1. Tell me yes or no: at least one residue of region 36-47 is of a type in the set (Val, Ile, Thr) and modelled with pLDDT under 65.
2. Which one of the conditions (1) free of Cβ contacts under 8 Å to residues at least 40 places away in the same chain; (2) surrounded by fewer than 22 Cβ atoms within 10 Å (Cβ to Cβ) does Lys291 fail to meet, given that it meets all the rest?
3. Which of the residues that make up region 318-355 are assigned to a loop (DSSP other than H, G, I, E, B) and modelled with pLDDT of 95 or more?
4. Of all residues in region 88-123, which are over 16 Å from Thr75 (Cα atoms) and either in contact with a Leu (Cβ under 7 Å, 6 or more places away or on another chain) or modelled with pLDDT under 95 (or both)?
5. Can you confirm whether Thr242 is more than 27 Å from Asn188 (Cβ to Cβ), at pLDDT 95 or above and either surrounded by 15 or more Cβ atoms within 10 Å (Cβ to Cβ) or not assigned by TED's automatic domain parsing to the domain that holds Tyr116 (or both)?
6. Could you pull out every one of the helices (runs of 4 or more DSSP H) wholly within region 82-195 that has 2 or more residues that are farther than 16 Å from Leu240 by Cβ?
7. I'm trying to understand the selection: among the residues of region 117-138, which are surrounded by fewer than 24 Cβ atoms within 10 Å (Cβ to Cβ) and either over 19 Å from Arg81 (Cα atoms) or polar (S, T, N, Q) (or both)?
8. Within region 62-72, is even one residue polar (S, T, N, Q), in the same structural domain as Val146 (by TED's automatic domain parsing), closer than 27 Å to Ile142 by Cα and touching an Asp or Glu at 6+ places or on another chain (Cβ under 6 Å)?
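The values are calculated or read from the model by the stated rules, or taken from the named source; none is laboratory data. Model, not experiment: these values are computed from the prediction. Cβ: placed from backbone, ideal geometry, glycine included. Neighbour counts: every protein chain shown.
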Amino acid sequence: MKKIRFFLINYAVLVTILVTIEIIGHLSYRIIKGKYLFQNNTNENTFFKEHPYLVGTPKENFRFPNLPKGFNITTDGNGHRVTKNYVPSKDAINIVCIGGSTTFATGVPDKISWPYILQQKLGENYNVINLGVPGYSTLEGIIQLVTTVPELKPDILIIYQGWNDIRSYHAPNKSPDYLWHGKTQKSNLSVNKKTSITEYSFINFIAGKIGNKISKSKELENNISSHRDSYIDEIYVRNLKTIQVLCNQLQVKQIYIPQVLNLEEYTKSVDVSDSWTPYISNKSMPELIKKINSLMSQTIKKGANTTVVDSILSKYKWNSNHFVDVGHFSEDGGKQFSDIIISHLNHLENFKIDN
């Protein structure tokens with residue numbers, strides 16, 4: 001009887017401690033993140049829906065829930081992130097922006113995204129369409145160019161790519177279809193995520209974070225590199241050539257923009273690698289991104305209807321104030337980036353924009 005009583009008392013104490021940790025954990029998460037942990041784990045709250053060829057695309061007429069007031073992340077009826085609060089003129093010039101999260105503008109509200117800023121700078125005679133989706137590489141760009149882009153009847157295409165291609169550097173099981181990267185996209189975009197009751201637990205959440213960190217540390221320990229990956233470079237170049245062929249087929253003007261990253265953040269980082277580029281040394285990222293950027297300048301054939309923003313990282317002054325993290329623009333960064341785009345629109349034949 002004493003043993004049973006001892007067991008019950010200890011069991012009650014343990015349950016009390018666990019419940020207390022859960023309550024404190026959920027409240028702390030709410031204070032830090034602005035929402036409760038369980039609000040992350042419902043499919044209704046995910047911004048993206050499943051797509052047979054692209055893994056995921058934004059939902060139509062959707063507003064990301066549980067965000068602070070004024071921090072809107074919304075889509076229009078076509079599933080494109082909002083770039084304006086007015087209807088452009090009937091004969092507006094269509095500018096379609098292709099890229100990953102740095103085109104989608106992760107981390108900032110609609111009105112601070114660079115496509116929105118670009119729209120405001122250009123005015124109602126232009127119609128800026130944001131086709132950026134987090135994680136999209138040149139491969140997804142190709143798929144968009146043969147599926148959704150032609151229906152938008154673009155006059156100008158802005159192709160902003162690089163980060164999601166270099167992400168595959170030194171990844172396991174490399175293949176021309178970026179298989180490793182593609183497999184991670186379902187979780188990156190939270191597409192068709194199946195939620196179990198354990199995912200609502202703060203203790204389980206913390207245990208998972210710790211476990212993933214330990215397992216990833218062991219996995220990455222001998223696989224992080226500071227060198228270029230010639231195989232991925234070749235795929236990137238091939239994809240860029242395909243993109244230009246498709247753009248030329250559509251008879252549109254083109255602006256190609258190499259990737260801009262927060263190099264200050266990488267150089268001062270104490271981590272060995274970033275979670276988005278786990279197989280690349282942070283210290284080597286500034287040099288590696290410049291080199292893969294140079295491939296765009298070398299690959300794309302320039303002309304009256306095509307321009308490339310050469311040496312974007314060295315020609316223009318960038319600092320941490322231009323970013324909200326290692327690669328997504330703040331409002332200052334979005335403004336500078338938009339001005340760069342406008343200056344290159346002026347390089348295209350029969351275009352002259354006063355800003």
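1. Yes - at least one qualifying residue is present in region 36-47.
2. (1)
3. Correct list: Trp318, Asn319, Val324, Asp325, Val326, Gly327, His328, Ser330.
4. Once the filter is applied, which keeps residues that are over 16 Å from Thr75 (Cα atoms) and either in contact with a Leu (Cβ under 7 Å, 6 or more places away or on another chain) or modelled with pLDDT under 95 (or both), region 88-123 yields Pro88, Ser89, Lys90, Asp91, Asn94.
5. no
6. Correct list: 101-104, 114-122, 179-188.
7. Once the filter is applied, which keeps residues that are surrounded by fewer than 24 Cβ atoms within 10 Å (Cβ to Cβ) and either over 19 Å from Arg81 (Cα atoms) or polar (S, T, N, Q) (or both), region 117-138 yields Gln120, Asn125, Asn127.
8. Among the residues of region 62-72, not one is polar (S, T, N, Q), in the same structural domain as Val146 (by TED's automatic domain parsing), closer than 27 Å to Ile142 by Cα and touching an Asp or Glu at 6+ places or on another chain (Cβ under 6 Å), which makes the answer no.
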